[in-house]
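What follows is a single structure, written as structure tokens, with notes after it.
The values are calculated or read from the model by the stated rules, or taken from the named source; none is laboratory data. In this text, all values refer to a predicted model and were calculated from it rather than measured experimentally. No Cβ is skipped: glycine too gets one built from the backbone with ideal geometry, and neighbour counts run over all protein chains shown. These area figures cover heavy atoms from the full protein model, side chains too; ligands, DNA and RNA do not enter into them. Shrake-Rupley method; radii C 1.70, N 1.55, O 1.52, S 1.80 Å.
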Amino acid sequence: MEINFNNLNSWETEKALYLCKVAKSTLDWDLSGFGMCDVNPNSGYTYLWLEDYPVCLYMPIHCELSESDIWVMWTNSEDGEEVEESLDKFESMKEIYTWVKELEEREEEI
């Protein structure tokens, strides 16, 4: 995974490192795969995306360093639709996988 420190100011760097900490310690993500932790130039959100996982994590511009300020986003690969949910909604990565499966099944029905 690459962290683009050249694009991140000090606050965005703190959020990027916090996202990595939560991904590793709470969700048990392997951070050594292909991915990126950076800031979205359009939204200003700091995000963590790894190709090994069906979601990305992000934190908005104005937030605290707390799990309640982390959002989980799934993107439909067919049409680009994005669905977001607060990390607080999930107890584990297993619950996130279940959520993603439900979203994918809903999209198949349409």
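Quick check on this structure: which one of E67, E51, E85 is of a type in the set (D, E), within 30 Å of E109 (Cα to Cα) and in contact with a helix residue (DSSP H, G or I) (Cβ under 8 Å, 6 or more places away or on another chain)?
E85
Of all the residues that make up segment 89-105, how many are part of a helix (DSSP H, G or I) and open to solvent by 100 Å² or more (accessible area, probe 1.4 Å)?
5
Which one of these is among the hydrophobic types (A, V, I, L, M, F, W, C), modelled with pLDDT of 95 or more and open to solvent by 40 Å² or more (accessible area, probe 1.4 Å): W29, W71? Quick ask: steps written out before the conclusion?
Numbers: W29 fails: open to solvent by 40 Å² or more (accessible area, probe 1.4 Å).
One residue alone meets the criteria, W71.
For segment 32-68, give me each residue that is surrounded by fewer than 19 Cβ atoms within 10 Å (Cβ to Cβ) and of a type in the set (D, E, K, R).
Within segment 32-68, E51, D52, E64, E67 qualify.
How many residues does segment 79-88 contain that are more than 15 Å from the chain's Cα centre (by Cα) and part of a strand (DSSP E or B)?
0
Which residue out of Y58, Y97 is under 13 Å from W29 (Cβ atoms) and touching a residue at least 24 places away in the same chain (Cβ under 8 Å)?
One residue alone meets the criteria, Y97.
Cβ-Cβ distance below 9 Å, separation of 6 or more or different chains: which pairs start in segment 4-21 with a residue that is small (G, A, S) and end on one that is open to solvent by less than 40 Å² (accessible area, probe 1.4 Å) and part of a loop (DSSP other than H, G, I, E, B)?
Taking only residues 6 or more apart or on different chains, the pairs are A16/N4; A16/L8.
Restricting attention to segment 1-39, and to residues there that are in contact with a helix residue (DSSP H, G or I) (Cβ under 8 Å, 6 or more places away or on another chain) and of a type in the set (F, W, Y), which single residue is farthest from W49 (Cα to Cα)?
F5
Taking N7 as meeting all but one of (1) of a type outside the set (A, V, I, L, M, F, W, C); (2) modelled with pLDDT under 95; (3) outside any loop (DSSP other than H, G, I, E, B); (4) surrounded by 14 or more Cβ atoms within 10 Å (Cβ to Cβ), write down the number of the exception.
(3)
This table checks each residue for (1) touching a residue at least 12 places away in the same chain (Cβ under 8 Å); (2) part of a loop (DSSP other than H, G, I, E, B).
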{"residue": "K24", "(1), (2)": "no, no"}
{"residue": "D30", "(1), (2)": "yes, yes"}
{"residue": "G44", "(1), (2)": "yes, yes"}
{"residue": "D52", "(1), (2)": "yes, yes"}
{"residue": "V72", "(1), (2)": "yes, no"}
{"residue": "S77", "(1), (2)": "no, yes"}
